[in-house]
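Shown next, in structure tokens, is the structure this report addresses.
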Amino acid sequence: MKARGNYHNHVAEAFRSPQAPTLITRALHKSTMMATELRCDDRNFGRTASMPWEDAYLIALQLRSCPDHDLFFDGRYVRPQNYHAGVTSIYDLRTDPVADLRDPYHSIMFYLPRKSLDSIAETTGAAPVEELRHQPGVSVDDPVVHHLLSSLLPAALNPDASHPFFLDHVALALTAHLAYRYGGMQVSRQKYRGGLAKWQERRVKELIRETKDELPLSRLADECGLSVRHFIRAFKQSTGVTPHRWLLKDRVDRALNLLKHSRLPLTDIALRCGFADQSHFTRVFTGLVGMSPGMWRRKQG
């Protein structure tokens, strides 16, 4: 998942917010998913623009209560219900959803194409998801969506401080949850036996260490000839941790060596080991080691 680039963001355009913080992922077989934070603190924003017809959904987490607005689907008025802070709304982009907003609003919109749902179903051996069951204009309390989308807020504001492995995991988890709860996906009971082959594990670790730019889970899975879901399970069985956790531990191990055997400043060590900055380095190091890098170095004398 990465910050907004040249990707055409129809969601942000509909809300007249072309610079809205946006994250993009192609974790599922190059199927583009996108999270956009939208906010307006003024009243009477007015109507949003129509978006192009797409076989896709918008999953919205309402971060702020917004009861005073109207909704239209294919030009027909629908009275909105339960638009309180923390609720989840689903919009089908085949129905031309338009909102006439009078209250201030703050939300995260997750763009989910149907082929992403099909991909997650395929990896579990389930039948394709025909649609996400929902009542247009009625929001629901869904703590899973709430926590997963909320976890993307810091990444949207500071994309460089969040590794794409973490962001891809969030998108995969969210898609699987939506397919299961609203799409009726039946989870396969098939159990994958065994972890990665030695050559697969060696190749993946080399790629993780060597690549400083974004490296999506789909790329690592392709290197092993596995689906993303199977790869994650096999990697964890081989190493005991997820790819993202392994990456952080590997970087901290390299930092420990530099802290002990060099006089490099903490800022230089952070950058050499792949962290975004010293603050990111300190936060991850403290979480894994139990003390800050500076304190650990002083204890080594």
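Couple of notes before you dig in:
- Close contacts from the range 277-301, counting a first residue that is basic (Lys, Arg) and a second that is part of a helix (DSSP H, G or I) and surrounded by fewer than 12 Cβ atoms within 10 Å (Cβ to Cβ), with Cβ to Cβ under 9 Å and a gap of 6+ residues or different chains, come to ARG297/LYS260.
- Restricting the range 41-55 to residues that are surrounded by 14 or more Cβ atoms within 10 Å (Cβ to Cβ) and modelled with pLDDT of 95 or more, the residue that is farthest from LEU167 (Cα to Cα): PHE45
- Residue in the range 209-216 that is of a type in the set (Lys, Arg), closer than 27 Å to GLU122 by Cα and at pLDDT below 90 present: no
- Residue selection: TYR105 satisfies the criterion of being touching a residue at least 60 places away in the same chain (Cβ under 8 Å) and among the hydroxyl-bearing types (Ser, Thr, Tyr).
- Pick from the range 240-259, criterion in contact (Cβ under 8 Å) with a residue 40 or more places away in the chain and of a type outside the set (D, E, K, R), ranking: farthest from PHE166 (Cα to Cα): LEU259
- Only one of the numbered conditions (1) modelled with pLDDT under 95; (2) assigned to a strand (DSSP E or B); (3) of a type outside the set (S, T, N, Q) is violated by ILE59, and that is (1).
Matching residues to (1) of a type in the set (Gly, Ala, Ser); (2) under 22 Å from ALA156 (Cβ atoms):
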{"residue": "SER31", "(1), (2)": "yes, yes"}
{"residue": "THR36", "(1), (2)": "no, yes"}
{"residue": "GLY46", "(1), (2)": "yes, no"}
{"residue": "LEU61", "(1), (2)": "no, yes"}
{"residue": "ARG114", "(1), (2)": "no, no"}
{"residue": "GLU122", "(1), (2)": "no, no"}
{"residue": "GLY125", "(1), (2)": "yes, no"}
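- Failed item, numbered, when PHE110 is tested on (1) outside any strand (DSSP E or B); (2) closer than 21 Å to SER31 by Cβ: (1)
- Residues located in the range 264-301, provided they are over 22 Å from GLU210 (Cα atoms) and among the aromatic types (Phe, Trp, Tyr): TRP296
- Flag for SER119 being in a strand (DSSP E or B), polar (S, T, N, Q) and outside the structural domain of ARG229 (by TED's automatic domain parsing): no
- Being touching a helix residue (DSSP H, G or I) at 6+ places or on another chain (Cβ under 7 Å), touching a residue at least 12 places away in the same chain (Cβ under 8 Å), part of a helix (DSSP H, G or I) and charged (D, E, K, R) is not true of ARG219.
- Residue match in the range 232-246 (condition: within 19 Å of the chain's Cα centre (by Cα) and among the basic types (Lys, Arg)): yes
- Filter pass, LYS30 being out of contact with any strand residue (DSSP E or B) (no Cβ under 7 Å at 6 or more places or on another chain) and either within 23 Å of ARG219 (Cβ to Cβ) or at pLDDT below 95 (or both): yes
- Qualifying residue in the range 79-102 (condition: in the same structural domain as TYR57 (by TED's automatic domain parsing), of a type in the set (Phe, Trp, Tyr) and in contact (Cβ under 8 Å) with a residue 60 or more places away in the chain): no
- Any hit, the range 84-92, residues being under 23 Å from GLU130 (Cα atoms), in contact with a His (Cβ under 6 Å, 6 or more places away or on another chain) and either among the charged types (D, E, K, R) or in a strand (DSSP E or B) (or both): yes
- Failed condition for LEU226, given (1) in the same structural domain as VAL204 (by TED's automatic domain parsing); (2) over 30 Å from LEU196 (Cβ atoms); (3) not aromatic (Phe, Trp, Tyr): (2)
- A single entry from VAL129, VAL145 fulfils the requirement of being in contact with a Gly (Cβ under 6 Å, 6 or more places away or on another chain) and buried (at least 18 other Cβ atoms within 10 Å of the Cβ): VAL129.
The values are calculated or read from the model by the stated rules, or taken from the named source; none is laboratory data. Source: prediction; values computed, not measured. For neighbour counting, all protein chains shown are included, and Cβ atoms are generated from backbone atoms with ideal geometry for every residue, glycine included.
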